[in-house]
Amino acid sequence: MSAASKPKLPADDYISLMLFYQAYAETIDNGDLNGWPALFTVDCVYKIQSRENFDRKLPLATMAFESQGMLKDRVYCIRETLYYEPYLQRHVVAAPVVTSVDGDTVHAHASYAVFRTKPDDITHVYNVGRYEDTLVKSPESHHGWLLKSRICVFDSDLILNSMIYPI
């Protein structure tokens with residue numbers, strides 16, 4: 001991408017975007033699952049998909065939700081109905097790369113690594129990949145941005161045991 005074709009995002013907006021990415025990770029890492037859906041628009045899309053399927057534009061995803069209501073249902077399921085061995089997650093998220101800007105809508109991607117720690121066990125690399133995001137500026141949002149779409153594209157074709165928490 002040439003310097004002339006780089007997307008233009010004011011520095012203050014980019015800083016708030018970086019803070020949003022960190023707030024997203026912190027929300028999940030701190031176990032605030034009830035706060036997770038509030039980081040998305042009402043008509044959002046959230047998918048967890050293998051790199052192979054994403055690159056081939058195949059629709060199969062490990063998880064796919066098409067509204068904030070579906071995200072809230074997932075949180076309820078995790079809290080109230082799923083039976084699983086508890087574990088902690090820790091996200092490491094790279095600075096987002098803005099690929100396009102259209103008014104208050106930003107397209108960006110960022111690499112992530114998620115580590116999982118079970119009680120009385122060592123920490124394991126759980127999931128590694130990149131976020132492919134569409135975000136909208138939202139002054140009423142605590143963080144100034146909301147996710148319109150987040151596709152978590154994981155690098156491996158396999159995932160460990162089960163996927164309970166958001167990536």
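The values are calculated or read from the model by the stated rules, or taken from the named source; none is laboratory data. Owing to the predicted nature of the structure, the values given are computational and were not obtained by experimental measurement. Here Cβ is always computed from backbone atoms with ideal geometry, including for glycine, and neighbour counts include all displayed protein chains.
Of note:
- Test result for His143, in contact with an Asp or Glu (Cβ under 9 Å, 6 or more places away or on another chain) and either surrounded by fewer than 17 Cβ atoms within 10 Å (Cβ to Cβ) or not hydrophobic (A, V, I, L, M, F, W, C) (or both): no
- With respect to (1) of a type in the set (Val, Ile, Thr); (2) in contact (Cβ under 8 Å) with a residue 60 or more places away in the chain; (3) farther than 27 Å from Arg56 by Cα, the lone exception for Thr117 is condition (2).
Residues are listed down the side, and each one gets a yes or a no for (1) of a type in the set (Gly, Ala, Ser); (2) part of a helix (DSSP H, G or I); (3) within 20 Å of His142 (Cα to Cα):
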{"position": "Ile15", "(1), (2), (3)": "no, yes, yes"}
{"position": "Gly31", "(1), (2), (3)": "yes, no, yes"}
{"position": "Lys47", "(1), (2), (3)": "no, no, no"}
{"position": "Phe54", "(1), (2), (3)": "no, yes, no"}
{"position": "Met70", "(1), (2), (3)": "no, yes, no"}
{"position": "Val98", "(1), (2), (3)": "no, no, no"}
{"position": "Val101", "(1), (2), (3)": "no, no, no"}
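- The numbered conditions (1) over 21 Å from Thr134 (Cβ atoms); (2) more than 14 Å from the chain's Cα centre (by Cα); (3) hydrophobic (A, V, I, L, M, F, W, C) are all true for Val42 except (1).
- Residue within segment 127-135 that is touching a strand residue (DSSP E or B) at 6+ places or on another chain (Cβ under 6 Å) and either acidic (Asp, Glu) or modelled with pLDDT under 90 (or both) present: yes
- Of all residues in segment 89-106, none that is within 11 Å of Lys6 (Cα to Cα) has its Cβ atom under 6 Å from the Cβ atom of a residue that is among the polar types (S, T, N, Q) and part of a strand (DSSP E or B), 6 or more apart or on another chain.
- Residues of segment 131-167 satisfying the condition of being in a strand (DSSP E or B), among the charged types (D, E, K, R) and either within 21 Å of Val114 (Cα to Cα) or touching a helix residue (DSSP H, G or I) at 6+ places or on another chain (Cβ under 6 Å) (or both): Glu132, Asp133, Arg150
- Test set (1) more than 21 Å from Lys47 (Cα to Cα); (2) not in a loop (DSSP other than H, G, I, E, B) - Glu85 fails condition number: (2)
- Any chance Tyr126 is surrounded by 19 or more Cβ atoms within 10 Å (Cβ to Cβ), of a type outside the set (Gly, Ala, Ser), touching a Lys or Arg at 6+ places or on another chain (Cβ under 7 Å) and under 16 Å from Thr27 (Cα atoms): no
- Positions within segment 54-110 being under 17 Å from Ile167 (Cβ atoms), among the small types (Gly, Ala, Ser) and loosely packed, with under 15 Cβ neighbours inside 10 Å, in sequence order: Ala64, Ala94
- Only a single criterion out of (1) within 15 Å of the chain's Cα centre (by Cα); (2) modelled with pLDDT of 95 or more is not satisfied by Thr99, namely (1).
- Scan segment 115-131 for residues that are within 19 Å of Phe154 (Cβ to Cβ) and of a type in the set (A, V, I, L, M) and the total you get is 2.
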